[in-house]
1. Residue separation times 0.36 nm, minus the C-alpha to C-alpha distance between residue 21 and residue 92: what's the value?
2. Specify the angular offset, from 0 to 90 degrees and rounded to the nearest 10, of the alpha carbon long axis of helix 24-40 from the longest principal axis of the alpha carbons in the chain.
3. Does anyone have the angle between helix 45-58 and the longest principal axis of the chain? Alpha-carbon axes, 0 to 90°, nearest 10?
4. Against the longest principal axis of the chain, how steep is helix 74-85, in degrees 0 to 90 to the nearest 10, with axes from Cα atoms?
5. Taking the Cα centre of the chain as origin, sum charge times position over the Cβ atoms of Lys and Arg (+1) and Asp and Glu (-1), and report the length of that vector in debye to the nearest 20.
6. Of the peptides 75-83, 13-21, 26-34, 45-53, how do they stack up when ordered by the mean number of other Cβ atoms within 10 Å, highest first?
7. What does the C-alpha gyration tensor say about the overall shape of the range 1-54? Classify as rounded when a/c is under 1.5, otherwise prolate if a/b is larger than b/c, or oblate.
8. At R0 = 35 Å, how high is the FRET efficiency between residue 6 and residue 67 if r is their beta carbon distance? Nearest 0.05 is fine.
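The values are calculated or read from the model by the stated rules, or taken from the named source; none is laboratory data. Everything numeric here is computed off the predicted structure, so don't read it as measured data. Reconstructed Cβ throughout: ideal geometry from the backbone, glycine too, with neighbour counts over all protein chains shown. Ligands, DNA and RNA are excluded from the accessible area calculation, which covers all protein heavy atoms including side chains. Shrake-Rupley method; radii C 1.70, N 1.55, O 1.52, S 1.80 Å.
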Amino acid sequence: MFGLNRKVFYAAVRHGPFPGKLTTSQVNGMDDLFDVWESSGSNDPRHLAYILATDFHETGAKMQPVREGFRTSDKAARAFVQRNYGHKGPKWYCWPQ
């Protein structure tokens, strides 16, 4: 397993993609990812980079779980997905089966 110096990492990402600062919530989310990575991840740092990039984009840089469309309830998230992706047909994941 390659060594990850979290202090150095956090200092670097404050220059980009997180402009200037990180919230406690963002750090906690990334720490959770690092903890799992360190206990069961691969030895390839590209895999960790992929995980972090995916988390960054899928959460709108929050680095915490979010609902689809950043809605405030499950019902609103389902409605958002159905409205925006329901045209793909009844087998698409947004429709109850």
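1. Working: separation 71, 0.36 × 71 = 25.56 nm, distance 3.83 nm.
Length gained between residue 21 and residue 92: 21.7 nm.
2. 80
3. 40
4. The helix 74-85 is inclined about 80 degrees to the chain.
5. On the way: 13 positive and 9 negative charges, 106 e Å.
Its charge dipole is roughly 500 debye.
6. Working: 75-83: 14.8, 13-21: 11.0, 26-34: 16.4, 45-53: 13.0.
Per-residue Cβ counts within 10 Å, averaged per peptide and sorted highest first, yield 26-34, 75-83, 45-53, 13-21.
7. The shape class here is prolate.
8. Values: r = 28 Å, r/R0 = 0.80.
Efficiency, from the Cβ-Cβ distance: 0.80.
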